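The values are calculated or read from the model by the stated rules, or taken from the named source; none is laboratory data. Bear in mind that the values here come from a model prediction, so they are computed numbers and not experimental data. Don't worry about glycine lacking a Cβ; one is built from the backbone with ideal geometry, like all the others, and counts go over all protein chains shown.
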Amino acid sequence: MKRREFTLAAAAALLATAASVRADNYPSKPVRLIVPYPPGGGTDTVARAVFERVSTLMGQPFVVDNKAGAGTTIGLGELARSRPDGYTVGVGGTSDPLLPLLYDRLAFNPSADLTFVATLATVPIVLAAGPSIPAKTLQELLAAGRAKGAQPLAYASPGTASPHHLAGIYLGEMAGLPLVHVPYKGTSQALTDLVGGHVPLAMLGLPSALPFARQGKLKILGVATAQRSALAPEIPTISEGGVPGFNAGYWWHVTVPTGTPQAVIAQLRDAVDKTLRTPALTESLLKSGFEPMLLSPAEAERALKEDTAKWTKVIRASHLRGG
């Protein structure tokens, strides 16, 4: 072997050894956890519940840093620009790959600049009806909404280009139901106006809508997932209710800057998966309205590709832009 080749080989071996040592010692200091939503919301609640236990398991604190705004692009953009050493981790969702379709001049590419680590949890979206809607079932709503001369129905969502907004567009297309979107800045005001009769319908998270439904203040006409939710198995899916094949599931996952060592990613994934299998955490998440979700990287990649293809068609057909 020539001297130069030997030197390069030796250097590569040393670098590989150094990377292995760093991975073996990971984490050796606190880890920053970027949550691209405000404190107190669903994403923040799930992230804190899971990573409180991950911190204990890995022996270092995961410090939540809420970086909200611009449809998650502020927080995820900061994550994408962070050093890929495992000490900046983030929480993403199934809508991340859609951001370039929604926002002009996006400073990062979620699909290229962020790398999937592990799934976290899912939150079912539901179609809810307020007191101004006489229909008690989705079938009744569809019949009334499709009737000759019927006016388009308004539906609220927590925000423009949110998964709830997209689910409403998709429902209108698949059901042949004329719907008009009314965006709100968050779930709270949308719920208030739905219960108050100011907007007839809403696409909301099941955990937010369920207490009001059980108090008789609104009706949940269907769950937007392929199967009934474990949180309220008595509520039929939208597919069962008259729109066969409808599925607008949404889930969160852990993500890191692309280039993060595979050994570090593997350790993070193992810790998150072990945490999600903890009965106490499962019970806690379910009580809060979230369903733990465990998918292998291959399963998650396949599901994400399917969702991205579906929602890309919806966004392009509706000429939707981010709010």
Which of the helices (runs of 4 or more DSSP H) found entirely inside the stretch 201-311 contain at least 1 residues meeting this: in the same structural domain as Q151 (by TED's automatic domain parsing), closer than 28 Å to E173 by Cβ and at pLDDT below 95?
206-214
Scan the stretch 71-83 and tell me whether some residue there is more than 19 Å from the chain's Cα centre (by Cα), modelled with pLDDT of 95 or more, of a type in the set (D, E, K, R) and part of a helix (DSSP H, G or I).
no
Would you mind telling me which numbered condition in (1) more than 20 Å from the chain's Cα centre (by Cα); (2) more than 25 Å from L138 (Cβ to Cβ); (3) surrounded by fewer than 16 Cβ atoms within 10 Å (Cβ to Cβ) D273 fails?
(1)
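Residues checked against (1) buried (at least 17 other Cβ atoms within 10 Å of the Cβ); (2) in contact with a strand residue (DSSP E or B) (Cβ under 9 Å, 6 or more places away or on another chain); (3) in contact (Cβ under 8 Å) with a residue 24 or more places away in the chain; (4) not β-branched (V, I, T):
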{"position": "H253", "(1), (2), (3), (4)": "yes, yes, yes, yes"}
{"position": "L268", "(1), (2), (3), (4)": "yes, yes, yes, yes"}
{"position": "R277", "(1), (2), (3), (4)": "no, yes, no, yes"}
{"position": "A280", "(1), (2), (3), (4)": "no, no, no, yes"}
